[in-house]
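Only one structure is covered here, and it is reproduced in the block below.
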Amino acid sequence: MKCPHLSKFEPYTKRQLAVFANKGKCSSCATEGPNLWLCLQMGCGNLGCGEAHSDHSSKHSNDSNHALAINLSTIRTWCNSCEMEVHPFVQSTIKNVKSVNQRDRLVKQQQQSVFRVDSPVTQAVTEFEDGKSPRGLTGFRNIGNTCYLNAAVQALSNCPPFTHFFLECGGYVKTERKPYIAKSYQKLMEDVWGRRRPSHLTPSSLVNGIKQVFPMFKGFLQQDTQEFLRCLMDRIHEELKEPIPPHLCEKGDDEDEPSGIVEKPVTSERVRARSCNSISLTEEEKLEPESEASMREKSVGSRSSSQSPPPDRRKGNKPRRSRKRTVSRAESDQVNSPTEMNNGGDDEDGDGEPMIRKPAAPDVNVFKKRPVQYRSIVSDVFDGRVLSSVVCLTCDTKSKRIEAFQDLSLPIPVGKEDLARIHASQQNMTSKGMVSCVDTTNSQGWTSWMYNVLVSWFWGPKVTLEDCLSAFFSSDELKGDNMYSCDKCKKLRNGVKYSTLTRLPEVLCIHLKRFRHESMTSYSSKISNYVKYPLEGLDIRKFLDKDCSSEVTTYDLNAVICHHGTAGGGHYTAYAMNWLDEQWYEFDDTFVTEVSESQVADAEAYVLFYKKCSDETIKMREKVVGLCDEQESLLHFYISSQWFNKFQTFAEPGPITNNDFLCKHGGVPPCKSAVVDELVTKVPQTVWECLQHRYGGGPTVTHLHVCKTCQEELDRLQKRLTEEKQTFIKFHDKFQEEVDETNTIYCISLSWFRQWEKFLNSKSTDFPEPPGPIDNRAISVSKGRHTKGAEIGQISKETWEYLYSIYGGGPEVIEQPNNVVNGTDDEEEEEDEKEEDKMKDARGDNEAKDESCSEEEINEEVVNKENQDSKL
Amino acid sequence: MAELSDRKHHDAKMRATIHQKMVETGEKERLKELLRAKLIECGWRDQLKAYCKEVVRTKGLEHVTVDDLVAEITPKGRELVPDEVKKELLQRIRAFLADQATI
């Protein structure tokens, strides 16, 4: 029974109603209210007093035939004609806040524009162009010494290549692993860059998420911002990583692998070279006689030996923690250094994924999986590659190794001699200067360091960022304690090690090693020397390798994190340039202030973020906008919105990556079909041709369709999963019930079994990997005595043959048939029960958490059986 | 004019008396219970609950206050009440008044 008078009424806003309520008087008798009624007839605006006074409101209604009036005190509307309450201002759902007209307008806008109309980025630009102040000037509350987090996040927030991905490509942000840090970051960015423009926010979900995944951040102690950045970046990469299709993998990463390496994924490389040289080998370890792997380590690690063992850059006075934790990763089929990997092998993920470490034995090949490389927005933005070469001074052989890095930890040369040496070597840089520069801050004791501080205090030549870079890339002499073990000479030799860049990241993150830690005395100190750094035009061409793949080598400063205080305690703030108004702002927890360039240049920088700049790309963007504005083309092409976002924010977006939203058959994979509109951008033909011509890549897509082949595969897979599961259950139940002891019992490696179980329980929307062939090696090695920690499951012959027929592998491991010996009936029943329990768990949808407990039991069981057998 | 103010007083007094009577006889409680049951039965509670969740989701959990929420969902709640429920309650109240008039 809808009121027919609702079709037309004056759409007052809440604010206007409030104004009326405060100042309004009855149009007839000038009474003030409360309970004044405002006539809702279009253009009328009559105010009338209510029944408590003279009820001029009803009088007006009757006289002028205006049906609707709203009570300004209760904000309720009355229809005088229908004599009932009505609700003109209530929307049916929040989503339909906009009226139909507005919605149509938005759709039309979107059709005309290549840029997402509802994205905060587009809106921010529009608002700014309309004269409003820029978005993004939001501070963060400090919730317990969290300035390390606040400063870091502010620096990242003002890094468009990174943050715009989260703002515009929400469809690509996965929420698969608790506690969804990537999603927390995304929400935070949406709040900072959204319409509401709060003056400050409390980033609680991000903080809580980080504390959950990285327990070292629990509590409220001060932390180091660079460590936090690494943890955050690593985690986001873990959550968002996608495999790179094989045809796009970089070849360089596979160089110099000893045989049997299973994976050298970008992540683990990146993590290992966390700060490109904070490979955590202590000095003692390195000097031990090496295996092949650790020799390789030596060539790289020597640099870190000439520097302190990973310095404790924490602000607080905490004892040095082992960095090895972050070096060993969940994915670590990272075999390069089994020595260092074995420590701290705890899993880092909050979700308790166990790490599977494969030994680097050459006969691994049968069971090896093809190496997979991963990428994510993190690696796209921050990953670079360094080529470390070592030359043996005796036989002149060069040994090379490529490492990925996400930030460069630069030493700060202090003291006249070093600076002089660096300046000299800078001139020789092109010949890969053989001038060595030992990092003085770390190899000398602290007294000489103090001396250097005084020296530079009095005669301080200004240290520049270039000096630090030169120090980093300059050559190291490998001699004395740090001799190099040459492959060819097969002995320790004098060598020289130097590094060059083979791939430049879009955003170069530079970390200045200001904090120094003395392992013996647990003494921490900070180098507060001012380092001069350019705000624009940082050119790192001279550190490039001749084979560098990047074309752009110039960088502009984007953000800077500064530390104020001492190694014992201090405060972090950040300076960042807002991309909208190109002004510099200081972010000090909740306070955001505009600052001058000179203030930024004079700051004591700790972590610097430099962004590649390229005029050519800017011109390309303008060109694209121009092409879009031209007449509509009839045929539209689809581009991955992730790539398009890169094109808008990166200097070198690389080739077009339409495989972001396509399956290998060229259609849209079923799991993405629901959100495909968020994953693609529609562009006119001219734009497509222009972009493809310049950047290459593809494939060309003019029509989106859900891939039938994938769907069929998924259906088949689902069927297979169900079938395998049910068959197993069927056979295994039979096995449990069988009392006939003469049947042979087969053994199966529990670790393989768990993999298979996980496969069975996987969701059918992604394509889970079936486990490889059955791998019973661990349990077959010894008869009766099992490899330490090898876990065995017992299955019937039928089950074995079924699984073997699908997966192959082996070898077969058979238990001696159960034989009943007097007095052991009870014992046997007990064992059967235990076995059953274990298998039941496996059958159920548990992740077999109990298996590790029952492992002991099973081992015992088998041993008991052995004993029985021998008794016979 | 005097008439008008008289009427005002008279109205206010009426309101107070009726209310008092409702409480005394327990009718108010009964009506409240009836209303509660009716609103649950017709799905009003669930609808409003869903709307509430939408509001929280749209605004973000960190930004929403109870007062905000109440202000946002109140008009919606009013709109969602079905006419039948309104009618029935009215009827009950009228019946009550009729009873009272005879006393």
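The values are calculated or read from the model by the stated rules, or taken from the named source; none is laboratory data. This one's a predicted model, so the numbers in the text were calculated from it and none came from an experiment. Neighbour counts are summed over all protein chains in view; Cβ atoms, including those assigned to glycine, are modelled from backbone coordinates with ideal geometry. Only protein heavy atoms, including side chains, enter the accessible area calculation; ligands, DNA and RNA are left aside. Shrake-Rupley method; radii C 1.70, N 1.55, O 1.52, S 1.80 Å.
Brief remarks on what is shown
- Taking one quarter of the surface of the convex hull spanned by the alpha-carbon atoms of chain B gives a direction-averaged projected area of 9.6 nm².
- Pair-distance distribution P(r) for segment A:3-85, from all Cα-Cα distances in 10 Å bins starting at 0: 20, 58, 21, 0 percent.
- Order of exposure, largest accessible area first, which applies to A:Val706, A:Val390 with probe 1.4 Å: A:Val706, A:Val390
- The coefficient of translational diffusion for segment A:122-175, derived via Stokes-Einstein from the alpha carbon Kirkwood radius under 37 °C and 0.692 mPa s, stands at 251 µm²/s.
- Cα long-axis angle, helix B:44-59 against chain B (0 to 90 degrees, to the nearest 10): 50 degrees
- For segment A:520-598, the fraction of alpha-carbon pairs lying more than 21 Å apart is 50 percent, rounded to a whole number.
- Note on chain B: Lys pairs 8 or more places apart or on different chains, Cα atoms under 24 Å apart, count 28.
- Sparsely packed loop sites in segment A:509-556 (the GluC sites (Glu not before Pro) outside DSSP H, G, I, E and B with at most 11 other Cβ atoms within 10 Å) comprise A:Glu536, A:Glu551.
- Order by protection proxy (mean Cβ within 10 Å, highest first), peptides A:373-386, A:599-612, A:57-70, A:123-136: A:373-386, A:599-612, A:57-70, A:123-136
- Dimensions (Å) - segment A:528-667, Cα atoms, principal axes, largest first: 62, 40, 30
- Ratio of Rg to Rh for segment A:163-232: 0.99 [Cα atoms; Kirkwood radius as inverse mean 1/r over pairs].
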